[in-house]
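To start, the structure itself, in structure tokens.
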Amino acid sequence: MKIPQDVAQTIVDPFAYADGKRVDDAFAWLRKEAPLAQAQPEGFDPFWVVTRHADILEVERQNELFHNGDRSTVVTTIEADRKVREMMGGSPHLVRSLVQMDNPDHMAYRRLTQGSFVPQNLRKLEERIREIAVGFLDRMAAQGDKCDFARDVAFLYPLHVVMEVIGVPETDEPRMLKLTQELFGSADPDLNRTGTDIVDTDAGVDTIQSVVMDFMMYFNAMTEDRRANPRDDLASVIANGTINGEPLGHLEAMSYYIIAATAGHDTTSSTTAAAMWAMAENPEQFAKVKADPGLIPGLIEESIRWATPVKHFMRTATADAELAGQKIAKGDWLFLSYPSGNRDEAVFKDPFEFDVERTPNKHVAFGYGAHVCLGQHLARMEMRILWEEFFKRVASVEMNGEPKRMAASFVCGPKSVPIRFKLH
Ligand code: HEM
């Protein structure tokens, strides 16, 4: 069965993700009526839409059968794909980070930084991260009894943490935030570089390409600096690292910085902002964590499930295969819908309820398998520290205006969460 056109259009429509309910309804319908079926929105090649939790895991587990890099890793129109290939000498990717790699490169490049993100090494950062968190909560408290929690805290805190890890100076953080929002928010007129609703493919790809170039210019200078003066930061690991005895390729090194400097904060910011939104709307959930800080890990997992800031990744079949009773042909493209997997009624009881006591909570928001999120322990740690400090000082929160989500079908979350709060 082919997915009805209105549903197919919805799942690639950035504004449906801004609306929230429109995508939730589309995926709920798909999970029930066509859990694994082909979609072909106008202007796109056909692709399989993988909506069930079990099928997402099944695809991600088989990373030799379902490759990342053979086609675009993000759903793309035929025209945009043609344009990118034209710019990149036939490659479907503007960058070549871990996300676009398969083995053997993937394993070799991942090994380079993996050590920096394991819990025992992250523990060394605990004290410093707590200082940063307390600093942002002090600034929030100084605003009186209201703030926009997304803009004033959630966007800035994970940004500051990951920029310290990379080695980007504080003065450059606003630039990094702007570039990240221009990249992930390229379809959102409030965030993209043009300030308009981009409908033209050429303009869309050019806009993204110009943001990528700005990042590359910045990190190129940083590479030169860290080669001359290595420090104890991630930039020095990337600048001086070797793969099979050779320095990293230029595109690969630049892409490594870019993924850390974008995915390394925007996702955590979205999750933190979404958690606040959910607690402001569900005071009984706030009250539970307030009464028992032992529930903070539960709050974190539930907010990651709830927010699911990475909306999809694509995979490409390297051979004919069977999945959930369907025949997938070699070369077929698959859209893994993480938000759908995280609302799967077969795995989560009352999936549309925000429940800090949900156990188990085996969400797929960090992906699974060889490409599982490299920064998941850092993300959890940042959120744990923030909420530990937050619940010590904040007595109550409530919404103070209309929260808003950004428009994007790849990575997105709330862009505004106005709250009123009481301190102790
Ligand atoms: C709540 C926060 C975060 C969420 C929900 C998230 C989600 C994801 C997802 C879904 C993937 C793809 C996994 C797959 O294909 O199976 C991924 C990959 C990745 N994430 Fe995260 N992420 C978060 C935070 C971070 C942080 C803090 C970093 C820090 C640098 C980071 C760095 C990466 C990298 C480098 C990859 C590529 C891994 C690979 O392909 O091998 N992420 N993330």
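The values are calculated or read from the model by the stated rules, or taken from the named source; none is laboratory data. What you are looking at is a predicted structure, and each value in this text was computed from that prediction instead of being measured. Quick reminder, even Gly has a Cβ in these numbers, built from the backbone with ideal geometry, and neighbours come from all protein chains shown. Side chains are part of the model used for accessible areas, which takes the heavy atoms of the whole protein and leaves out ligands, DNA and RNA. Shrake-Rupley method; radii C 1.70, N 1.55, O 1.52, S 1.80 Å.
When V168, V161 are screened for being in a loop (DSSP other than H, G, I, E, B), over 30 Å from I78 (Cα atoms) and of a type in the set (A, V, I, L, M), only V168 passes. Summed over segment 58-113, residues that are part of a helix (DSSP H, G or I), open to solvent by 40 Å² or more (accessible area, probe 1.4 Å) and more than 16 Å from the ligand (Cβ to nearest atom) total 6.
Taking the conditions exactly as written (more than 30 Å from H363 (Cα to Cα), open to solvent by 40 Å² or more (accessible area, probe 1.4 Å), among the acidic types (D, E) and more than 10 Å from the ligand (Cβ to nearest atom)), does D225 satisfy them or not? Criteria met by D225.
Let's see how each residue does on (1) under 22 Å from V12 (Cα atoms); (2) at pLDDT below 95:
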position: P169; (1), (2): no, no
position: D197; (1), (2): yes, yes
position: M216; (1), (2): no, no
position: A235; (1), (2): no, no
position: S255; (1), (2): no, no
position: D266; (1), (2): yes, no
position: P283; (1), (2): no, no
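Looking only at segment 406-415, decide whether some residue is in contact with a Cys (Cβ under 8 Å, 6 or more places away or on another chain), closer than 22 Å to T180 by Cβ and either open to solvent by less than 50 Å² (accessible area, probe 1.4 Å) or away from the ligand (no atom under 16 Å from the Cβ) (or both). Yes, segment 406-415 has at least one match.
Would you be able to say whether some residue in segment 270-293 is small (G, A, S) and touching a Leu at 6+ places or on another chain (Cβ under 6 Å)? No; the residues of segment 270-293 include none that is small (G, A, S) and touching a Leu at 6+ places or on another chain (Cβ under 6 Å). The set of residues from segment 291-342 being basic (K, R), in contact with a strand residue (DSSP E or B) (Cβ under 8 Å, 6 or more places away or on another chain) and within 14 Å of the ligand (Cβ to nearest atom) comprises K311, R315. Being without any contact (Cβ under 8 Å) to a residue 24 or more places away in the chain, under 30 Å from T308 (Cβ atoms) and either of a type outside the set (D, E, K, R) or part of a helix (DSSP H, G or I) (or both) is a description that applies to A203.
Assessment of segment 374-383 against the conditions (within 27 Å of A108 (Cα to Cα), out of contact with any helix residue (DSSP H, G or I) (no Cβ under 9 Å at 6 or more places or on another chain) and more than 8 Å from the ligand (Cβ to nearest atom)) yields no matching residue. Among the residues of segment 263-278, those that are more than 9 Å from the ligand (Cβ to nearest atom) and farther than 17 Å from I385 by Cα comprise W277, A278.
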